[in-house]
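Everything on this sheet refers to the single structure shown next.
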Amino acid sequence: MATNTVTEKELDEIYVFAVQLGKDAGKMLMAAAQSRFGSQPVQTFTEKDSSVDIVTQTDEDVEAFIKNSIAQKYPQHKFVGEESYSKGGSRAYQITESSPTWCVDPLDGTVNYTHLFPMFCVSIAFILHGRAVIGVVYAPFLSQLFTACRGRGAWLNETQRLPLIRDPAPPLPKNAPAGCIFSCEWGKDRKDAPDGNLARKVNTFLNMAAEAGGRGGKGGMVHGIRSLGSATLDLAYTAMGAFDIWWEGGCWEWDVAAGIAILQEAGGLVTTANPPEDPATAKIEDAGLGSRLYLAIRPAGDSETESGREGQERTVREVWRRVCQLDYTRPTT
């Protein structure tokens, strides 16, 4: 296999390998969780950057298994994993367009895992030319396996095509974000600053939840706001159609790569979280994999007045009108 060239047949083979790898890694996660049922409920962990940015031995064991499995099968491919990346001390974007790359979060939702809250998963993405073309997300406690490969559809448990409601998928509400489920995470930046990221997120929650016309015209009247504790599952649920909107800042590429592959293959849209100077006229472009700022819209069908894509873009502009700018810069080293 050439350094940066993968045929469609080879991509099929990589997809099959990635799905099985996700299943095997998920079994490891579930076995580790089950070992705590009953007599040993306490999960030890180590803090990284903050008390909500933590790592367990399970994170490290599962990543080592995934990394070694890939190295044996595809020694010429690059590997970026959360735990090995964290130990290196760098947050510079290291996924290039020149080499096929695996981008892995062995345990997304570590805080959930330590509390035995079921929203945790393994997340595996395969990236070509800087774009995630394969995504595998397995939440073993929920028995939910999300998979996608470029041009081959997105799937739940390998039998249910995503989005679950389709042929056609429902259009977005004509007054979106009203009538939508909006998802966002609290994040790891918990600095108690008057204009910090946490305060901006809370203000955005208020805009989205407030009655229509409230908050100076920014009231979104969404049906609900959800926080799963896992960015990867947020994206998978948006691909499924269960969430209409996901808005987030601060994620690293391993948090989103597999989810983005699944969402885009299902027909969803992913752009930047931060509103441009003029939301009404700004060009809506795909979010960069390493941008740390994401706004995702579920797959949508046509209505009598607009195409599904037009509905997605309209929703993006209405969300931009209501969200606050987030400040998540990316170190260069």
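Annotations for the structure displayed:
- Some residue of segment 204-225 being touching a strand residue (DSSP E or B) at 6+ places or on another chain (Cβ under 6 Å) and of a type in the set (S, T, N, Q): no
- Within segment 135-158, residues that are under 26 Å from residue 114 (Cβ atoms) and in contact (Cβ under 8 Å) with a residue 24 or more places away in the chain have Cβ atoms under 8 Å from residues that are surrounded by fewer than 19 Cβ atoms within 10 Å (Cβ to Cβ) and of a type in the set (Lys, Arg) in these pairs: 138/23; 140/27; 145/23, counting only partners at least 6 apart in sequence or on another chain.
- Unique residue being farther than 26 Å from residue 329 by Cβ, in contact with a strand residue (DSSP E or B) (Cβ under 9 Å, 6 or more places away or on another chain) and either surrounded by 18 or more Cβ atoms within 10 Å (Cβ to Cβ) or modelled with pLDDT under 80 (or both) when the list is 56, 46, 101, 96: 56
- Boolean, residue 236 is touching a residue at least 24 places away in the same chain (Cβ under 8 Å), of a type outside the set (S, T, N, Q) and in contact with an Asp or Glu (Cβ under 8 Å, 6 or more places away or on another chain): no
- Complete set of residues in segment 176-216 that are in a loop (DSSP other than H, G, I, E, B) and closer than 15 Å to residue 275 by Cβ: 177, 184
- The set of residues in segment 61-78 being part of a loop (DSSP other than H, G, I, E, B) and over 14 Å from residue 18 (Cβ atoms) consists of 75, 76.
- Considering only residues in segment 277-318 that are among the β-branched types (Val, Ile, Thr) and touching a helix residue (DSSP H, G or I) at 6+ places or on another chain (Cβ under 8 Å), the one that is nearest to residue 262 (Cα to Cα) turns out to be 297.
- Helices (runs of 4 or more DSSP H) enclosed by segment 217-333 - at least 1 residues per element that are over 13 Å from the mean Cα position of the chain (by Cα) and surrounded by fewer than 18 Cβ atoms within 10 Å (Cβ to Cβ): 308-320
The values are calculated or read from the model by the stated rules, or taken from the named source; none is laboratory data. Keep in mind that this is a model prediction, so the values were computed, not measured. Don't worry about glycine lacking a Cβ; one is built from the backbone with ideal geometry, like all the others, and counts go over all protein chains shown.
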